[in-house]
Structures are given as C-alpha cells and as structure tokens.
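Below you'll find the structure, written out as structure tokens, and then a few comments.
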Amino acid sequence: VSVAEVTVGVDVGGTKIAAGAYSAGRLGEITLARTTHESTEALLEQIVWITHASASRLDRLDAVGVSVAGEVRHRDGIVVSASHLPISDCPLAERLAARLGVPVALDNDGNCAAIAEAHLDRSEPARDLVMVTLGTGVGGGVIAAGRVLRGRTGIGAELGHLVLDAAGPRCFGACPGRGCLEALCSGTALVRNANALGENEPTSQLGVILTRAGTLSAEDVVSAAQQGDPQARALLHNLGRWLGVALNSLINIFEPSEIAIGGGLSTASEWFLPAALEEARSRTGAMQWRAVKIGIARAGTRASIAGAALLGEVRLLGASASVNGCSAPLVERVLWPPRPGTVS
Ligand SMILES: [Zn+2]
C-alpha cells in the first residue's frame, strides 16, 4: 500500500456510529454520530455520509471497512441480523460498494476489535490472541495461527454465548440459551443484578438510587463501587468470578498467548479483573497459566474502527481470498502503526 492510499474504518454500533480515515499507518480524527434507527436505507445513507466525512479530510478514498455489532458473514459481506440495528439479511458490503465506488469489507465488531488488538503497538502481529469485549452485550474474536477464526459462514467465535452455567439466568436478545458469558458478565447482566438487589433492599445504596431514578445503569453500579459501596463491589466481584470461569475455558480451547479484555465495561476492570484472574488461575494448569498474558485491551474505544480500516486495506490489496472459508489473513504487510501513539 502506497502512503497516499486511504481506507476508512466505520464502526456501526447500536447507539453510535463512528469512523476514521486510516492512511500511512495512522488513524485520523474520529467522526461520531448517533446511529439512526429509522430504516435500513437511512442507516446506509448514514454510513455513506460518515465515510465521506472522514475521507474528506484527506481528500481521497480507496477502500472501506465496516464493523457491525451483529451476526455478519464476512466472506460475502452480508449482515445476517443485528438486534440493536434496523438491518437484517442485507448484502451491506455490496450495496455500500455500489454507492461509494470502492471495495468494502465487512465484519462483526468483535473480530474487528481482535484484528486491531493483534496489530496495535507491536513490532509484529500477535498470532494467537483471544479478545473479549464486555459492553451492553459480550462480543469477541479469536486470532488463531495468525488468522481470524470465523467458522463455516463467518458467524462463529461468538464468545458471548460460551455457556458457563447450564442452569443460569436466561440470555439476552435472540439467544435462547441460559448462563452464557453474556448472561452473566455483560453490562446488561450487571444492570439486571443491580436492579434485583435494589428492589430487594430498598435501603441499600443501590436501592436508594433505584427508588429515586426508577432504574439503575452499569455506570451507577461502577460509581457506587468507587464510592465504597460493598454491595456494588460484590456485584462486580461476582461478575469477575464468572469471567474467570470463561477465561479458563478460553485458555483450554484456544491456548492463546494473550487474552485481551475490552469493551466499555473494561474501564471498570479494577473492580472485577482481580477476581477474574484469581478464579481463572485456580482452574488452570500451572504451565498453561504461566504461558498466557491476560489484560485490558490496548486498542481502547477505537479498536473496532481501526480493525475495520485494516480489513478495508486487506480488501484493497486483494488478499482476502483464503481456503476453508475461514478468514481474511491478518494484515501482515501493513506496519501498524509506524509511529507509536498514533491510535489510542
Ligand atoms: Zn447466549
């Protein structure tokens, strides 16, 4: 890729859509908007608009990568379903390519975040890495032997639905399961548990906030924990222990060299990560435990945008064809980023 080429990464989430132009190893300024829920057509228009808005700063556009929070078939560029977006069974990559006049690559947000995490601030890409994103839901991505693991059609590696407790609470969205990672460790699960606690104990700190505000948010729980509320801390500690159960399974299944924890909830990791590490360590063989690094994701909130932009660049290079329907190769020819500190 010559230095002048520009790919735009777009992250389409349930509440916000964000994009940035990537060129010569640098991700530029991020453009943000509230995601439209009006119609599929309106959402397409919004993606086209935010792509042009990002590319206009550099006056050039060569390819686009789009990250969507939902079930996405990377290979044929189709959004199968997305519970928080007005889009399903849509050949999004093809439709966007027709409007934008450049190649478009598509993947889910967990895979994009994993791709960014595997490339960011490293002399060479991580080859065996598991990414877990804790947000409203739980997403994730798996890089195995230098490739993104996507399953047969591309909707595999859904780490959020790894079952931790067969008789556990019902999962969210379209998942018919119980006791999934998402049902126990997502922001939504935290809110469910906090509301139950507040209802049962109206004089507790969370109970008082619940009575005043009508409902609790994940932020309420985190700020109560920061203020020293033992019950809020216990909720996050308990979330951490379930996360530790999941980490143990991820270590056993994938034998990664790294597991990165990202997503909005990861900013509150001081209240759950120690419990997660303790739980995982107690369940994992000593040799395996020593061989894996577990920590908070380095890519931060721009991970999905950066990963999408890298996918766009792969599409531009024509390097995405691969055997077994498994994946696009990682972007091993792209130096990421040539100057440190260009992406945070
Ligand atoms: Zn589930």
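For the range 184-273, what's the relative contact order in percent, using C-alpha pairs closer than 8 Å and at least 6 residues apart? Computed over the range 184-273, the figure is 28 percent. Only beta bridges with both residues in the range 5-140 are counted; by DSSP, about 65 percent of them are antiparallel.
Between the range 18-38 and the range 134-164, the alpha-carbon centres lie 24 Å apart. Look at the alpha carbon pairs under 8 Å that are at least 6 residues apart: their mean separation over the length of the range 46-94 gives a relative contact order of 22 percent.
The slack in the chain from R170 to R60, taken as 0.36 nm per residue of separation less the alpha-carbon distance, amounts to 34.9 nm.
Among rounded, prolate and oblate, which fits the range 254-313 when a ≥ b ≥ c are the square roots of the eigenvalues of its C-alpha gyration tensor, a/c under 1.5 means rounded, and a/b larger than b/c means prolate? Oblate, since a/c reaches 1.5 and b/c is not below a/b. From helices alone, the chain scores -12000 deg cm²/dmol at 222 nm; the rule is -39500 (n - 2.57) for each run of n ≥ 4 DSSP H residues, then divide by the residue total.
Between the residues P125, C112, A42, the greatest Cα displacement towards the positive end of the dipole of the chain, with unit charges on the Cβ of Lys, Arg, Asp and Glu, is found for P125. Think of the range 167-228 as having a plus end and a minus end, set by charges on the Cβ of Lys, Arg, Asp and Glu; of L216, P176, N200, P176 sits farthest toward the positive end of this dipole. Each of W49, W242 was scored by other Cβ atoms within 10 Å of its Cβ. Listed from fewest to most, they are W49, W242. Backbone phi angles across the range 246-260, fed through the Karplus curve with coefficients 6.51, -1.76 and 1.60 (θ = phi - 60°), yield HN-Hα couplings of 5, 4, 4, 5, 5, 5, 5, 7, 9, 6, x, 7, 9, 10, 10 Hz in residue order; Gly and Pro are listed as x. Put in order of Cβ neighbour count within 10 Å, fewest first, the listed residues D220, D89, D109, D121 become D89, D121, D220, D109. Remark on G262: its backbone amide H falls under 5 Å from those of V132, T133, L134, A297, a criterion applied only to residues 5 or more positions apart or on other chains, H modelled at 1.01 Å from N. Can you give the % of DSSP beta bridges in the chain that are antiparallel, to the nearest 5? If I count the DSSP bridges inside the chain, around 60 percent turn out antiparallel. Result for the chain in a Gaussian network model with C-alpha springs under 10 Å: among S186, S39, S257, the largest mean-square fluctuation is at S39. Lys/Arg Cβ at +1, Asp/Glu Cβ at -1, dipole of the chain taken about the Cα centre: which of P230, I155, G295 is farthest positive-ward? Projecting each Cα onto the dipole axis, the largest value belongs to G295. As a proxy for reagent exposure, C171, C180, C185, C90 were ordered by neighbouring Cβ count within 10 angstrom, fewest first; the result is C90, C171, C180, C185.
None of the figures in this text is laboratory data; all of them are computed from the coordinates on show. Keep in mind that this is a model prediction, so the values were computed, not measured. Positions of Cβ are backbone-derived with ideal geometry, glycine not excepted, and every protein chain shown enters the neighbour counts.
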